[in-house]
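Data first, discussion second: the structure below is written as structure tokens.
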Amino acid sequence: MPHSERRHLREFYEEEASRINHQKLMYVKGSRHDVWWHRKRLQHIVSLLGQILKDGRVDVFMDVGCAEGYYVDLISSLNSELVCIGVDISRKYIEKAKKNVKGPNIDFVVCDVENLPFRQRCLDVVLCSEVLEHVTNYRKAFDELYRVTEEYLVLSFPGHSYIYHIAAKFRFFRGFVNDIMADVGHISEISIDKIRHLMKAYRNNVSIETRVGGALPLQLYEAIPSIKLVNTIDHAICKMLRRLNIVEYTTIHVMKIRIQRKP
């Protein structure tokens, strides 16, 4: 990432960190349906991380784009012996995280995902949630994530519903959606297929488990007063999309990648 772009990105998140509590807004204080969407993603991430902690030998966990330290706090509470590291491009977010989360095996570092100051394969589990879509060179960022990961890489990123793909064929709607993406800092278009394609560049064997949600645009779900009914509808549509092998047409994508490195 060029220095000017890195500086602009850092300034964007420094301003955001000074203005809001990002993770509390997502999981607690946002609108009911916004909170539902973020918690749906959270459920998938926590479930996959729980599997990893239960089934694999894990000594070091890192959250890339940690903001106020939510996942570092969560994982360290599940296993206090783990070394847990949070990194973020924003110094203000790291300052908040250090105040929120403390422990003898916890550390926070200011850096960006395209230049991680860690040696090769030193981290057992790396989480990168809702970050890749915010960087200019997502390929370079993914290379760095792969480089420092020993075995498990968990990614999450937003997608577009089938309705969006139809609307995007019309110039008016495409411009409207692009304006929304710019407001929330989305720069790169990430997809499940793109991540799978990137993995093919490496010679190691990998196994991938994918979780999805948010089959319809949130604006449509907001018309449904019952969150329980939203869950029922979303589960049914996601199940249908999985059967049709078109899970790309969902707005929540979470991937667990297990890397089996060759000797």
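The values are calculated or read from the model by the stated rules, or taken from the named source; none is laboratory data. On a predicted model such as this, the values are computed, not experimentally measured, just so you know. All Cβ positions, even for glycine, are placed from backbone atoms using ideal geometry, and neighbour counts span all protein chains on display.
Sort out which residues of segment 116-144 are at pLDDT below 95, of a type in the set (S, T, N, Q) and over 22 Å from LYS200 (Cβ atoms), and write them in order of number. Matches in segment 116-144: THR136 only.
Of all the residues in segment 209-236, those that are assigned to a loop (DSSP other than H, G, I, E, B) and either of a type in the set (D, E, K, R) or over 14 Å from GLU248 (Cα atoms) (or both) number 5. Within the option set GLY69, GLY50, GLY86, being closer than 26 Å to GLU133 by Cα and in contact with a Cys (Cβ under 7 Å, 6 or more places away or on another chain) holds for one residue only, GLY86. Given (1) touching a residue at least 12 places away in the same chain (Cβ under 8 Å); (2) surrounded by fewer than 16 Cβ atoms within 10 Å (Cβ to Cβ), identify the lone condition not met by LYS228. Exception for LYS228: condition (1). The residues of segment 243-263 that are within 17 Å of HIS160 (Cβ to Cβ) and either surrounded by 11 or more Cβ atoms within 10 Å (Cβ to Cβ) or within 20 Å of the chain's Cα centre (by Cα) (or both), listed by number, are ILE246, VAL247, GLU248, TYR249, THR250, THR251, ILE252, HIS253, VAL254, MET255.
Out of the residues in segment 41-72 that are under 25 Å from LEU218 (Cβ atoms) and of a type in the set (S, T, N, Q), which is surrounded by the most Cβ atoms within 10 Å (Cβ to Cβ)? Once the filter is applied, the top-ranked residue is GLN43.
Taken over segment 192-208, the criterion of being in a loop (DSSP other than H, G, I, E, B) and not small (Gly, Ala, Ser) is satisfied by LYS200, TYR202, ARG203, ASN204. Against the conditions (1) over 30 Å from PHE142 (Cβ atoms); (2) loosely packed, with under 11 Cβ neighbours inside 10 Å, SER207 satisfies every one except (1). I'd like the residue in segment 8-23 that is over 18 Å from VAL72 (Cβ atoms) and touching a residue at least 12 places away in the same chain (Cβ under 8 Å) and, out of all such residues, is farthest from the chain's Cα centre (by Cα). The qualifying residue farthest from the chain's Cα centre (by Cα) is SER18. Whether a residue is buried (at least 18 other Cβ atoms within 10 Å of the Cβ), part of a helix (DSSP H, G or I) and in contact (Cβ under 8 Å) with a residue 24 or more places away in the chain was assessed, and VAL126 does not pass this test. Residue under question is ILE163, and the condition is that it be in a helix (DSSP H, G or I), touching a Pro at 6+ places or on another chain (Cβ under 8 Å) and modelled with pLDDT under 85; does it hold? Criteria met by ILE163.
In the condition set (1) crowded, with 18+ Cβ neighbours inside 10 Å; (2) modelled with pLDDT under 70, MET181 is compliant with all but (1).
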